[in-house]
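Chemist: There's a structure below that I have some questions on.
The values are calculated or read from the model by the stated rules, or taken from the named source; none is laboratory data. Remember, predicted model here, so these are calculated numbers, not experimental data. In this analysis, Cβ positions are derived from the backbone assuming ideal geometry, glycine residues included, and neighbour counts consider all displayed protein chains.
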Amino acid sequence: MKYTVDKKGFYGEFGGSFIPEAMYPNIEELRMNYLDIMNSTDFKKEFKQLLKDYVGRPSPLYFAKRLSEMHDTKIYLKREDLNHTGSHKINNTVGQILIAKKLGKTRIIAETGAGQHGVATATVCALMGIKCVVYMGALDVSRQAPNVLRMKMLGTEVIPVESGNKTLKDATNGAMRDWINNPWDTHYIVGSVIGPHPYPDMVARLQSIISEEMKWQLKKQVGRDYPDYILACVGGGSNAAGAFYHYLDDEKVKLIATEAAGLGADTPETAATLAIGSPGVLHSCRTMLMQNEDGQITEPYSISAGLDYPGIGPMHSWLHKIGRTEYLCITDKEAVDAAFTLTQTEGIIPALESAHALAVLNKKKFGKDDVVVINLSGRGDKDMHTYIDIMQKKINI
Ligand SMILES: *Cc1c(COP(=O)(O)O)cnc(C)c1O
């Protein structure tokens, strides 16, 4: 069975490139060049150097002793939370800005929901001195003021999109329109393993540094280069794709991903795409998505902004369909409980997204000698207002 993308950009029946005619030249240029660029010694050298000196890689693989004792198994945390800007998202934006430069692009656009991908993009544009425009739904602009201000401080222009629900999907439409109108000088930095081919494959490869490091870190720390389990949360699916990538063909490594169930996958307040979704086209690829009978995208909900997305990358739709990865639903409450447990047993405040992966520890019993790697995708600083509201009982969870 093949788990990575085929020549036409498909993962089984999922993926592909369902784009308006006017976007074809941009996508075609990227598709024709991305692998050559990524395989060039020049790119590899620059990418590795920036990951090391700017992002702070390798991210540690930390043996969580107290958490392991609590669950009677061996838990290792892959510390993406320690990266510059606080999550795995920077791995992708550093890679894509280097690709954009090799393509001769002088202007970057991106879309953002909660603002985290917008900040990661604005950061690398400041680093490279490249003009950056971020599209954001007008509702999100008002809900995510700190990230909007961060982007502005970094020198990025934030454009509020007033159409539709004024959230992520509308921001994506804004960015696509911009790209169609600026095909020559502009690169569109997509933030997860979604979008038309080659984005899902390109972003998965850029994030695969996570499992590449895991291999030698495990070899050094446990004496073999593979774990028994890898756990990761999925919004679009990029941190999970990176954490799974080099183990996809190694069937003895069990892969578990978690979707945000919100108040429960059986309620309307959920973002558990695989649990309740059906196939369709979203963000220019065929994948699983949350829609009503008329094919209208339904509004997702999760306490975690990064998982509050009505679709999922085509690679995950495929891994789910063929059973290579197990997908579990984690509610807001289960995630918050897991976040407080990690904080008080290891002194690490996780992002709410990452807490969804940690929550598996309370759902599944692992063997005493199992090596369980949890991808800690981000830190909790950005979620402090939510944690504080919970502690002060301003929100009931
Ligand atoms: C954005 C984000 C996610 C979700 O995105 P993926 O593409 O599914 O990885 C998860 N964790 C953190 C910390 C994020 O910022």
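Chemist: Restrict the check to the stretch 87-108 and report whether at least one residue is surrounded by fewer than 23 Cβ atoms within 10 Å (Cβ to Cβ) and closer than 20 Å to GLY380 by Cα.
Modeler: Among the residues of the stretch 87-108, not one is surrounded by fewer than 23 Cβ atoms within 10 Å (Cβ to Cβ) and closer than 20 Å to GLY380 by Cα, which makes the answer no.
Chemist: Filter the stretch 100-114 down to the residues that are within 16 Å of the ligand (Cβ to nearest atom) and either among the basic types (Lys, Arg) or at pLDDT below 95 (or both) and list them by number.
Modeler: GLY113, ALA114
Chemist: Could you tell me which numbered condition SER317 fails, if it satisfies all but one of (1) over 26 Å from ILE390 (Cβ atoms); (2) surrounded by fewer than 21 Cβ atoms within 10 Å (Cβ to Cβ); (3) not β-branched (Val, Ile, Thr)?
Modeler: (2)
Chemist: Oh, and also: Which residues, taken from the stretch 173-195, are under 16 Å from the mean Cα position of the chain (by Cα) and either at positive phi or surrounded by fewer than 24 Cβ atoms within 10 Å (Cβ to Cβ) (or both)?
Modeler: Hit for the stretch 173-195 is GLY195, nothing else.
Chemist: Now a separate question. Quick one: would you say ALA240 is in the same structural domain as ALA335 (by TED's automatic domain parsing) and within 13 Å of the ligand (Cβ to nearest atom)?
Modeler: yes
Chemist: Still on this structure: May I ask you to say which residue of ILE297, ILE303, ILE397 is among the aliphatic types (A, V, I, L, M) and surrounded by 24 or more Cβ atoms within 10 Å (Cβ to Cβ)?
Modeler: Unique residue meeting the criteria: ILE303.
Chemist: Hey, another quick one. Across the stretch 34-55, which residue is farthest from the ligand (Cβ to nearest atom) among those that are of a type in the set (S, T, N, Q) and not in a loop (DSSP other than H, G, I, E, B)?
Modeler: Checking each candidate, the answer is THR41.
Chemist: Restricting attention to the stretch 56-66, which residues are surrounded by fewer than 23 Cβ atoms within 10 Å (Cβ to Cβ), in contact with a strand residue (DSSP E or B) (Cβ under 6 Å, 6 or more places away or on another chain) and not in a strand (DSSP E or B)?
Modeler: PRO60, ALA64
Chemist: Restricting attention to the stretch 69-99, which residues are within 30 Å of GLY367 (Cα to Cα), in a helix (DSSP H, G or I) and more than 10 Å from the ligand (Cβ to nearest atom)?
Modeler: Residues satisfying the conditions are GLU69, MET70, HIS71, LEU82.
Chemist: Here are some conditions: (1) buried (at least 20 other Cβ atoms within 10 Å of the Cβ); (2) more than 14 Å from the chain's Cα centre (by Cα). ASP72 meets all but one. Which one does it not meet?
Modeler: Every condition holds for ASP72 apart from (1).
Chemist: So which of ILE297, ILE374, ILE303, ILE312 is within 11 Å of the ligand (Cβ to nearest atom) and touching a helix residue (DSSP H, G or I) at 6+ places or on another chain (Cβ under 7 Å)?
Modeler: ILE312
Chemist: When TYR247 is evaluated against the numbered criteria (1) touching a residue at least 12 places away in the same chain (Cβ under 8 Å); (2) touching a Leu at 6+ places or on another chain (Cβ under 6 Å); (3) within 25 Å of LYS65 (Cβ to Cβ), which criterion, by number, is the only one it fails?
Modeler: Here TYR247 clears every test but (2).
Chemist: Then there's this: Say whether the condition of being closer than 30 Å to TRP216 by Cβ and not in a strand (DSSP E or B) is met by at least one residue in the stretch 265-281.
Modeler: No, the stretch 265-281 contains no residue that is closer than 30 Å to TRP216 by Cβ and not in a strand (DSSP E or B).
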